[in-house]
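One structure is given below, encoded as structure tokens.
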Amino acid sequence: MNPARESVAFAAARAGEWPLTWGQRLMWRADSLMGESRSFLNCPWVLPVYGRRDLGAVLDALRVLIERHDSLRATFADTPDGPRQRVAATGELEVSLAAPEPGERALAAAGRVAADLGRIPFDHAAGPPLRCAVVLAGGRPRALALAFSHLAVDYQALSLLAAEWKALLRGESLPPPAWQPADQVELERSAAFQARSARSIAYWRPVLEEVPLEVFDHAPGEPEDPRFIEVGMESVALARAATELAGRWAVSTTSVLLAACATVLGAVSGRDRAVMQLVHSNRRDPRTRELVATVGQDALFVLDLGAGTFAGTCLAAHRNALTAYRNACYDPGAMRAMREEVGRRRGREPDLDAFFNDRRGSGGWPGLPAADSPTRTYVRDAWPGVRFKAFFTLGTALDTGELSLIADTAYLGRETARAMLLAVEDLLVRSLDEDVPMAGAVRVPRPAGERGALVP
């Protein structure tokens, strides 16, 4: 046997074949559209090894997770009846063994390995939707480095797996999962969920009928190479300010960051109304809260930006986000038909390529240091196939505010994207000491002057 690899054999009680959940159908379509950037949809994840566990115990806990959750034993393929998931009862998962580099801590090594595993697209028809490596240091396993396909999990599911992992390493016995993807598929076929879908589509329709056809009011210019980039920022000041403002205004830190990102996007795009898609976990139904699968869908968020103060805008963002979340549960086929109908009437579908995604599980930053550290910005990745014009993401770091922006450089050059992230930080920090008026709230140069004609 290769000494750098182990194999985890699993044998579960259930196997079968089912359609995809609504959330999985969204991911399936995204996967088909992204081409060489399909790895954007992968979910790197790190699970620390708690206590002095040997390799056998760690691999056994991993086996239990795979056996418990159908989504971790699934393959996905197109069929004449549409995409289907096929859940195997038995199989093996290859697990790599890795070690930290000199001077590298084990958890940092696990993060690096998980990122490497996540850069490889999954062949969903050929194998399981996860990859794994165990990071060993001092002769003991210290962390699990994983990459999951987004077809199998969302970030809420990853938080559930993290809690189960911790319990398994403590030696606890877990009750069987009460809800699996097949159960979710049947629920979404029910009359109640079909009615929810109809209500959601009815909420989206009037927005799509009047929203500008373009995110930006300026035409695209010459893109940079690569065209689609991700600019990141790590800012303790951002996290600290968002936490204090959320407490002061009795809203979530997600709402504070969403309002700030929407304000900055509106200023740069030349729009006095932000229209963004929010990545939403869709777990309002109690049965879905313990489900390891993808049920999340996009919510349609609308926020007027023209008047008042940033405090008022945050309160409106909180209310409007809740409305958007309530209307983010829909049959993707029915939604696609409505969007195409609106597109035929308007000449083409409105461009909704502005997104916001909060990947945090807790909604806070429990590991913030006592003192601020310098803010850091960087260009992290290039994504040739993502085709997003602007995609804000709040990362999962616990000790700093991790905010990134995927940008189409034909509309937002890397320096503009960097300035937008810093403008979000600046807006929140200023709001700690003053009631910032929306007029002039954002200090980012507009790119329209150098980009050419305005677009209605």
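For the stretch 277-293, check the following and say yes or no: at least one residue is farther than 27 Å from W365 by Cα, in contact (Cβ under 8 Å) with a residue 40 or more places away in the chain and not aliphatic (A, V, I, L, M).
yes
Which residues, taken from the stretch 68-107, are within 28 Å of P384 (Cβ to Cβ) and assigned to a helix (DSSP H, G or I)?
Selection gives nothing.
Given the condition within 17 Å of P350 (Cβ to Cβ) and assigned by TED's automatic domain parsing to the domain that holds L322, answer yes or no: does some residue in the stretch 220-231 qualify?
The answer is yes; a qualifying residue exists.
Which count do you get for residues in the stretch 359-370 that are touching a residue at least 12 places away in the same chain (Cβ under 8 Å) and among the hydrophobic types (A, V, I, L, M, F, W, C)?
2
Could you list, ordered by first residue, the pairs with Cβ atoms under 8 Å in which the first is in the stretch 138-164 and touching a residue at least 24 places away in the same chain (Cβ under 8 Å) and the second is assigned to a strand (DSSP E or B) and charged (D, E, K, R), at least 6 apart or interchain?
L146/R131; A147/R131
Would you please name the residue that is surrounded by the fewest Cβ atoms within 10 Å (Cβ to Cβ), looking only at residues in the stretch 1-26 that are part of a helix (DSSP H, G or I) and in contact with an Asp or Glu (Cβ under 9 Å, 6 or more places away or on another chain)?
R25
Can you pull out every residue in the stretch 203-257 that is closer than 18 Å to I406 by Cα and assigned to a loop (DSSP other than H, G, I, E, B)?
Result: E214, V215, F216, P220, G221, E222, P223, E224, D225, P226, R227.
Restricting attention to the stretch 389-432, and to residues there that are in a loop (DSSP other than H, G, I, E, B) and surrounded by fewer than 19 Cβ atoms within 10 Å (Cβ to Cβ), which single residue is modelled with the highest pLDDT?
Residue satisfying both the conditions and the ranking: L432.
Residues that are without any contact (Cβ under 8 Å) to a residue 40 or more places away in the chain, of a type outside the set (G, A, S), farther than 19 Å from Y50 by Cβ and surrounded by 15 or more Cβ atoms within 10 Å (Cβ to Cβ): does the stretch 118-130 have at least one?
no
Please determine whether any residue of the stretch 59-79 is among the charged types (D, E, K, R), buried (at least 20 other Cβ atoms within 10 Å of the Cβ), within 21 Å of A162 (Cβ to Cβ) and touching a Pro at 6+ places or on another chain (Cβ under 6 Å).
yes
The values are calculated or read from the model by the stated rules, or taken from the named source; none is laboratory data. Given the structure is predicted, the values throughout are model-derived calculations rather than measurements. Positions of Cβ are backbone-derived with ideal geometry, glycine not excepted, and every protein chain shown enters the neighbour counts.
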